[in-house]
Every structure is written in structure tokens, then in C-alpha cells.
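Just below is one structure, and these are the notes that go with it.
The values are calculated or read from the model by the stated rules, or taken from the named source; none is laboratory data. The structure presented is a predicted model; accordingly, all values stated were derived computationally and were not measured. A quick note on method: Cβ atoms are made from the backbone with ideal geometry, for glycine too, and the neighbour counts reach across all protein chains shown.
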Amino acid sequence: MKRQLEAIKNQAMEKLARVSDIRELEDLKVAYLGKKGELTGILKKMGALSPEERPVIGQLANEVRFALEESIAQTKDRLIKEERSIRLKSETIDVTMPGRIKPIGKKHPLTIVLDELKDIFLGMGYEIAEGPEIELDYNNFEALNIPKNHPARDTQDTFYISENVVLRTHTSPVQIRHMQSHKPPIRIICPGRVYRSDAVDATHSPVFHQVEGLVVDKNVTMGDLVGTLQAFAKGIFGENSRIRLRPHHFPFTEPSAEVDVSCWGCDGSGCRICKGEGWVEILGSGMVHPNVLRECGIDPDVYSGFAFGMGIERIAMGKFGIDDMRLLFENDIRFLRQF
Ligand code: PHE
């Protein structure tokens, strides 16, 4: 029995030295010290020993038990330390490693132009007003003095959602919304997306952006319109830019004018950009039609106003020398990086 005890001890010690995780250790503990463990098995047989042998073997058995318990506790300590150091090693951060470079984005050319426009007009005391892209026929046409069956509707290539609901074809409906909910004096610009059922090519897109301007107050004149647009052209295209007005027709303004800016490519002498004209058309404008003011509850005998609307794509293309509108929507990083 003595030899058996020695053998158990040696065997257990050897196994403990090789244990590599806590679960294995628990299993070992059960195998030797558990209720059905090897050491316990020996102790159970002690009853069969003679009274002289019993205390000797008993003491030895206890020594073996203490030795095992002690060694199990130490092994547990060792395993916990090993596990911790493995975890620390795997979680170590090498602070000397170079960081991952995050490319910094740039403003889209349309955003650049829009921000400049906002700057210019906010500086002149304008506020920004916005409206929905899905719009009532009433706001997009009717209230703008374009009744049903008016020929001007044909030129707008409208996407109809239902008989009375359209994708707005211009930002002018925001004029209506604003005048119906605000009293003069009014000084707003309305940037936004507009829709026309045009085929995509270098100068057309079914979705594009406009900025509308509207001023309504007492004694607003065409001279105010011209002065405002001159300031705008200089701000966007440079101090040397000039504008000219050509008579035109819009149902919601009277009189109406199309506005050209002196060509940014040749300053007026004629080049490829302006097709030899020296001027490039950039916007539509005019004095707000009395019918429109009246429809919005503003007395045209007391108040007058001017309005203008411009396409942002066209202005961005002019300003940055972009010759194909599609580039503005494809969002190729290599293109966008240049601005
Ligand atoms: N809404 C017109 C268009 O889209 C532009 C415009 C706005 C003209 C305001 C005059 C006054 O073509």
C-alpha cells in the first residue's frame, strides 16, 4: 500500500507538471482526490489494515494528499499566469506602427458653387428657403400663371406622378410656398433638385439643380434685379465679369429677361466655350407677374418683386471648365479630387 501511495503521488505529480489548461487540471483533481478518485480509493481500503500499520499508512496518505493539493494550487497559479501573459501578448498594441491613411474627401463641384452662391446672397441679406421635390401641379404651374393646357408646360418635360402631383420642374414653386406663408419684405434664395424628362447627354440630365431668387418689397425695380445679378456674376465668375439682359418670356415674370455673362474663357472676344458669341447664357429672370403676387395674397399695386432662376450644373461647368455634365453625377473619385 505504501508503494501504491508513492506511485500515485509520482504519477500525479508528473501529470500536473504537464497540464496546460484549467479544465485539464480540474479533471486531474477529480481523478485523484474526487469521491471516486485514486487516493480516496486507497483510503477506503485502510480498514483492512492492522492497527500498527494504520497510523503509518494514514499519515503517509495524508502527506500525499497535502502534497497533491499543494501542487494543484501551484499549477492553477501557473496556468492563470500563463493564460494572462498569452492574452496580454495577443492584445499588445504596437504604438510605433504607422497608422492607416484615411483619404480626406473634397467638396463636390456643385457644392462648391452652391456654397459660394449662398455666401454671396446671404451677404446681401437673403434667407434660404426650401420646398419639396414632389410638388403640387398648383405650385409648380398653376400659381405661377401657367394654367392647364398652357404651351409653356410642353417645354418643361414634366414627370407626372398623378394628375395633380409632379416632380418639380424648377425651383419656382418655392416662391409660391414662401409668398403664401410670409409677408413682404421677402428676400430668399431657394436651392434644390429639379426634374425634367430629358435624355442624358453632355449638357442634359433628367435630374439637376437650380437656385431660385426672389425679392418682394415696396418699390423693387428692374434696376435692383440688374444690380443684384451683376454682384452675383462678379462674385462667381470674377471682378471682370459683365452681364447683359435679353428680352424673353416666362409666364410668371413680366417683363422677363434671359441673362448672359461675359465669357469666362475669352472675356467676350469669342472662343470655343461661348461658340464665338463672347457671352454665355446663365439664367432666367424678370419682375414677378402681378397675377403671381395676387395669387399669393400680395397686392401688386403696393408691392413689386423680381425673381431669377439658374442651373447650378451649368454654372459649375463654366466655372471649372467641365465639358460634360455626366461627370458631375458619375462621382468618379479621380474627377472629384481635382476641385
Ligand atoms: N423657373 C425658370 C426655369 O426653370 C427660371 C426662372 C426663374 C425665370 C425665375 C424667371 C424667374 O426655366
Exercise for review: Considering each residue of segment 206-233, count those that are surrounded by fewer than 19 Cβ atoms within 10 Å (Cβ to Cβ), closer than 24 Å to residue 320 by Cβ and either at pLDDT below 95 or within 16 Å of the ligand (Cβ to nearest atom) (or both), and give that number.
Suggested key: 2
Practice item. Enumerate the strands (runs of 3 or more DSSP E) found wholly within segment 134-204, keeping only those where 2 or more residues are exposed (fewer than 12 other Cβ atoms within 10 Å of the Cβ). Key: 160-162
Review point. Among (1) farther than 22 Å from residue 329 by Cβ; (2) over 21 Å from the mean Cα position of the chain (by Cα); (3) not β-branched (Val, Ile, Thr), which single condition is residue 102 missing?
Key: (2)
Exercise for review: Name the one entry in 115, 119 that is without any contact (Cβ under 8 Å) to a residue 12 or more places away in the chain and under 23 Å from residue 187 (Cα atoms).
Suggested key: 115
Review point. For residue 123, are the conditions met, namely being over 30 Å from residue 172 (Cβ atoms), under 34 Å from the mean Cα position of the chain (by Cα) and either at pLDDT 85 or above or not assigned by TED's automatic domain parsing to the domain that holds residue 231 (or both)?
Key: no
Check your understanding: Looking at (1) out of contact with any His (no Cβ under 9 Å at 6 or more places or on another chain); (2) among the charged types (D, E, K, R); (3) more than 11 Å from the ligand (Cβ to nearest atom), which is the one condition that is false for residue 168?
Key -> (3)
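Yes or no, residue by residue, for (1) free of Cβ contacts under 8 Å to residues at least 24 places away in the same chain; (2) farther than 16 Å from residue 308 by Cα; (3) hydroxyl-bearing (Ser, Thr, Tyr); (4) not assigned by TED's automatic domain parsing to the domain that holds residue 214:
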{"residue": "131", "(1), (2), (3), (4)": "no, yes, no, no"}
{"residue": "149", "(1), (2), (3), (4)": "yes, yes, no, no"}
{"residue": "152", "(1), (2), (3), (4)": "no, yes, no, no"}
{"residue": "174", "(1), (2), (3), (4)": "no, no, no, no"}
{"residue": "181", "(1), (2), (3), (4)": "yes, yes, yes, no"}
{"residue": "191", "(1), (2), (3), (4)": "no, no, no, no"}
Point to revise | Matching residues in segment 57-81 - criterion: being without any contact (Cβ under 8 Å) to a residue 24 or more places away in the chain and either of a type in the set (A, V, I, L, M) or within 20 Å of residue 29 (Cβ to Cβ) (or both) | key: 62, 63, 66, 70, 73, 74, 77, 78, 81
Study note, to complete from the structure: Of those in segment 33-74 that are over 13 Å from residue 1 (Cα atoms) and charged (D, E, K, R), the residue surrounded by the most Cβ atoms within 10 Å (Cβ to Cβ) is 65
